[in-house]
1. Expressed in nm², what is the orientationally averaged projection area of the convex hull enclosing the Cα positions of region 35-96?
2. Using R₀ = 30 Å, calculate the FRET efficiency as 1/(1 + (r/R₀)^6) where r is the Cβ-Cβ separation of Val64 and Ala33; round to 0.05.
3. Which value in nm describes the separation of the simple spin-label points at Asn80 and Lys22, placed 7 Å from the Cα toward the beta carbon?
4. Can you pull out the GluC sites (Glu not before Pro) in region 1-81 that DSSP calls coil and that have at most 14 other Cβ atoms within 10 Å?
5. So what are the ³J(HN,Hα) numbers for region 38-54, from phi and the Karplus equation (6.51, -1.76, 1.60; θ = phi - 60°), rounded to whole Hz, Gly and Pro as x?
6. Where a Cα-Cα gap under 21 Å defines reach, which lysines qualify for Lys24, not counting those fewer than 8 residues away within the same chain?
7. Have a look at Asn77, Asn57, Ser67 and report the one farthest towards the positive end of the charge dipole of region 35-96, computed about the Cα centre with Cβ charges (Lys/Arg +1, Asp/Glu -1).
8. Please list, or write none, the lysines whose alpha carbon is within less than 19 Å of the alpha carbon of Lys92, excluding same-chain residues fewer than 8 places away.
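Laboratory data are not the source of any read-out in this text; all were calculated from the coordinates shown. This structure is a prediction, so every number in the text was calculated from the model and none was measured. Note: ideal-geometry Cβ built from the backbone for every residue, glycine included; neighbour counts use all protein chains shown.
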Amino acid sequence: MNHKVNSIATVAADDYAMAKLKCKEYADARRGARESEVEVGDEVLLREEDKGKLSCNFGNDRHVVTSKQGSDIVCENPSNGKVTKRNSTFVKVIPKTPSLNKNDSPVGDANTQQRPQRVRKQPDWYGDVVIHALDE
């Protein structure tokens with residue numbers, strides 16, 4: 001009898017866990033939740049408190065991420081060594097710029113194709129009448 005109760009309890013617990021996971025996936029998809037793109041070693045900017053309408057949301061000091069656990073991020077300011085812990089929503093990753101060689105140009109090369117041009121012609125309902133010359 002006791003064995004039967006334990007098996008029913010485990011089945012109920014498994015069903016509950018599956019239902020809970022399904023609800024979590026639905027809520028995350030509905031909310032647009034996604035994993036944080038911040039990695040250890042990235043340079044980030046920290047969000048500052050709102051000082052007014054014209055103030056910037058993020059400070060000017062660059063910080064380096066030293067550790068990450070879940071959504072908690074620990075970063076250090078290299079200039080003064082101050083360590084700060086923030087949630088990942090309060091940091092902004094500074095994109096790494098690739099170094100350019102002498103042969104590379106930041107703008108596309110000269111052989112890139114241009115956008116296609118439409119064919120310009122006189123409407124058929126004009127017939128043989130010449131109104132003005134079109135670029136042909």
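1. On the way: hull surface 18.1 nm².
One quarter of the hull surface, i.e. the mean projection, equals 4.5 nm².
2. On the way: r = 26 Å, r/R0 = 0.87.
With R0 = 30 Å, the Cβ-Cβ based efficiency is 0.70.
3. Here the modelled spin labels are 5.3 nm apart.
4. On the way: sites: Glu25, Glu35, Glu37, Glu39, Glu43, Glu48, Glu49, Glu76; in loops: Glu35, Glu37, Glu39, Glu48, Glu49.
Here the GluC sites (Glu not before Pro) that fit, given the DSSP loop and packing criteria, are Glu35, Glu37, Glu39, Glu48, Glu49.
5. Couplings: 7, 10, 5, x, 6, 8, 9, 10, 9, 6, 9, 5, 5, 9, x, 5, 9 Hz.
6. none
7. With unit charges placed on the Cβ atoms, the residue in question is Asn57.
8. Answer for Lys92, where 19 Å is the Cα cut-off: Lys51, Lys68, Lys82, listed by chain and number.
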